[in-house]
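Report on one structure; see the data block that follows.
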Amino acid sequence: APNPLLERQAARESNARSYPRRIPLALKRAHGIYVEDVEGRIFIDCLAGAGTLALGHNHPVVIEAIQQVMKDGLPLHTLDLTTPIKDRFIQDLFDILPVDFARDAKVQFCGPTGSDAVEAALKLVKTATGSGTILAFHGAYHGMTQGALQLMGSLGPKKPLNSIQHGVQFLPYPYDYRCPFGLGGEAGVRAGLHYIDTVLNDPECGVPRAAGMIFEAIQGEGGVIPAPDAWIRGIRELTAKADVPLIVDEVQSGFCRTGKMFAFEHAGVTPDVVTLSKAIGGSLPLSVVVYRGELDQWAPGAHAGTFRGNQMAMAAGSATIRFLRAERLHEHARQVGERLASGLRQLQSYFPQIGDVRGRGLMIGVEIVDPEGGRRDNASRPPPTTPALARAIQNECLRRGLIIELGGRHGSVIRFLPPLVITERQIDHVLEIFTISLQTATK
Ligand code: PMP
């Protein structure tokens, strides 16, 4: 029977609401990797606040940090004034940045969301360069506010807002499984870099000098697509040569999720600007942009905002960062992530509907395809996606107590973003539920 609470909220909430449509649960309690709904059913949460909950729900160190703020009677609202909590948070944040980057980095507090950090990054590089053009990538996701949405590498969500289309030049992302150049592996990477080189340096392309290039080292919402390290090193070199600031959006991939503190570290590069949110507030809302000091050219007060001093979020964030480091959760994420990925790859040999399994650490995607679909005359091309089947698998998982989310340019990539504290046994349980759900949905 439909739950009255779900129906009541759906009736009053905006038509733009998103997650409750695909995950119709009314949640009551949560702990670790589990959530419990109002009917007492338990679910494994492999969405985890879209990658926010690095330590899972209500981790004791996070709860303790929040309670301490209240016990000590600390000010809950401080605008962006100086406080000991903020001081400690900045120290903890700078401690996890690559050393050469941290040396002269600056931090701007942005407000609660990842989109806020992206907006600030755009303003920062536009101010510093005097240019208005941003380079972004096909399939990118940087948020839903107008500036961030402008960068989205798929048209659907932007269509109702035609006026925001200007000022962004989209470039092909190295999506190996469906390479835009029809070339897999190294050849595809080389072709992509050659194309970007041309856009940056050949005036005949008609692209003005860019204010910045923004990318995800592993696309999340766009379908869990890791960029090859060689490609990341390539765009780092090209942007440095062209004097275009390189912004890496680590909102989803940051904080040990991919097996390193930040996903760009796999490639060993140093970006100019990094946007951070989600896990940084230890499950409370917080976002920052960190950048090379040289870019700090905006005027005093150029980026204000009332809610940039969330003390509880900073306390929870500090506790999270310290726990991530103390427990070496990047290594754990790598290990259990490999267990999950290899389990999924094994399934791939039984289910031709699994077109691709990819990702890094605990950011894993499974691209669902229709093995019978598409043009048989071009065998080198991967079969077409099938969002309906992906959706059916998601529903079957939910029925069996597993929350997963879909992503990708057609909503046909199943995404696993569990809390980083997930154990091997829990991974095996996830695989069990997923296998049965896949069997049922493909029958
Ligand atoms: N950048 C990336 C890479 C993201 O994944 C997201 C959110 N999924 C955002 C930015 C936007 O964050 P928010 O939803 O908090 O605005």
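Right, SER380: of a type in the set (Gly, Ala, Ser) and touching a Pro at 6+ places or on another chain (Cβ under 6 Å) or not? Even if it seems obvious, please write down each step before you answer.
Values: of a type in the set (Gly, Ala, Ser): yes; touching a Pro at 6+ places or on another chain (Cβ under 6 Å): no.
No, not satisfied.
Could you check the range 288-337 and list, in sequence order, the residues that are among the aliphatic types (A, V, I, L, M) and outside any helix (DSSP H, G or I)?
Taking the range 288-337 as the starting set, the residues that turn out to be among the aliphatic types (A, V, I, L, M) are 288-290, 295, 299, 302, 304, 312-316, 319, 321, 324, 326, 329, 333, 336.
Matches in the range 288-337: VAL288, VAL289, VAL290, ALA299, ALA302, ALA304.
Taking ILE247 as the residue in question, decide whether it is at pLDDT 95 or above, assigned to a helix (DSSP H, G or I) and either small (Gly, Ala, Ser) or surrounded by 22 or more Cβ atoms within 10 Å (Cβ to Cβ) (or both). Show your work before the answer.
Working: at pLDDT 95 or above: yes; assigned to a helix (DSSP H, G or I): no; either small (Gly, Ala, Ser) or surrounded by 22 or more Cβ atoms within 10 Å (Cβ to Cβ) (or both): yes.
So ILE247 fails the test.
Residue check, SER18 against (1) over 28 Å from THR258 (Cβ atoms); (2) exposed (fewer than 13 other Cβ atoms within 10 Å of the Cβ); (3) at pLDDT below 95, all met but one. Which one?
(1)
Does ARG292 count as closer than 21 Å to THR275 by Cα, of a type in the set (Lys, Arg) and outside the structural domain of GLU405 (by TED's automatic domain parsing)? If you could, list the steps in order and put the result at the bottom.
Details: closer than 21 Å to THR275 by Cα: yes; of a type in the set (Lys, Arg): yes; outside the structural domain of GLU405 (by TED's automatic domain parsing): yes.
The answer is yes for ARG292.
Any idea which residue in the range 109-134 is modelled with the lowest pLDDT, counting only those that are within 16 Å of the ligand (Cβ to nearest atom) and not in a helix (DSSP H, G or I)?
It comes out as GLY111.
Checking the condition under 17 Å from ALA333 (Cβ atoms), within 16 Å of the ligand (Cβ to nearest atom) and touching a strand residue (DSSP E or B) at 6+ places or on another chain (Cβ under 6 Å), which residue from PHE255, PHE264 passes? Even if it seems obvious, please write down each step before you answer.
Details: PHE255 fails: touching a strand residue (DSSP E or B) at 6+ places or on another chain (Cβ under 6 Å).
None of the other options fit; the residue is PHE264.
For the range 4-52, name all the residues that are in contact with a helix residue (DSSP H, G or I) (Cβ under 8 Å, 6 or more places away or on another chain), in a helix (DSSP H, G or I) and within 26 Å of PHE255 (Cα to Cα).
Of everything in the range 4-52, those that are in contact with a helix residue (DSSP H, G or I) (Cβ under 8 Å, 6 or more places away or on another chain), in a helix (DSSP H, G or I) and within 26 Å of PHE255 (Cα to Cα) turn out to be GLY49, ALA50, GLY51.
Can you confirm whether LEU183 is out of contact with any Asp or Glu (no Cβ under 8 Å at 6 or more places or on another chain) and within 16 Å of the ligand (Cβ to nearest atom)?
Values: out of contact with any Asp or Glu (no Cβ under 8 Å at 6 or more places or on another chain): yes; within 16 Å of the ligand (Cβ to nearest atom): no.
Against the criterion (out of contact with any Asp or Glu (no Cβ under 8 Å at 6 or more places or on another chain) and within 16 Å of the ligand (Cβ to nearest atom)), LEU183 does not qualify.
Residue-wise test of (1) touching a residue at least 40 places away in the same chain (Cβ under 8 Å); (2) assigned by TED's automatic domain parsing to the domain that holds ARG308.
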| residue | (1), (2) |
| --- | --- |
| TYR34 | no, no |
| ASP37 | no, no |
| ARG41 | yes, no |
| ASP45 | yes, no |
| ILE63 | no, no |
| VAL69 | yes, no |
| THR78 | yes, yes |
| LEU81 | yes, yes |
| ARG88 | yes, yes |
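Quick one: in the range 137-173, which of the residues that are more than 16 Å from the ligand (Cβ to nearest atom) and assigned to a loop (DSSP other than H, G, I, E, B) is nearest to ASP229 (Cα to Cα)?
PRO172
Restricting to the range 55-92, count the residues that are assigned to a loop (DSSP other than H, G, I, E, B) and over 20 Å from GLY111 (Cα atoms).
From the range 55-92, those assigned to a loop (DSSP other than H, G, I, E, B) are 55-56, 58-59, 72-83; that's our starting set.
Right, trim to over 20 Å from GLY111 (Cα atoms) and you get 55-56, 58-59, 72-73.
Total satisfying the criteria: 6.
Out of curiosity, is VAL248 within 12 Å of the ligand (Cβ to nearest atom) and of a type in the set (A, V, I, L, M, F, W, C)? Full working, then the answer.
Numbers: within 12 Å of the ligand (Cβ to nearest atom): yes; of a type in the set (A, V, I, L, M, F, W, C): yes.
The answer is yes for VAL248.
For GLY49, only one of the following conditions fails: (1) within 16 Å of the ligand (Cβ to nearest atom); (2) closer than 22 Å to LEU417 by Cα; (3) buried (at least 18 other Cβ atoms within 10 Å of the Cβ). What is its number?
Against the list (1) within 16 Å of the ligand (Cβ to nearest atom); (2) closer than 22 Å to LEU417 by Cα; (3) buried (at least 18 other Cβ atoms within 10 Å of the Cβ), GLY49 comes up short only on (3).
Within 19 Å of PHE101 (Cβ to Cβ), part of a loop (DSSP other than H, G, I, E, B), modelled with pLDDT of 95 or more and within 19 Å of the chain's Cα centre (by Cα): which single residue out of SER253, SER283 fits that description?
None of the other options fit; the residue is SER253.
The values are calculated or read from the model by the stated rules, or taken from the named source; none is laboratory data. Computed from a predicted structure; not experimentally measured. Positions of Cβ are backbone-derived with ideal geometry, glycine not excepted, and every protein chain shown enters the neighbour counts.
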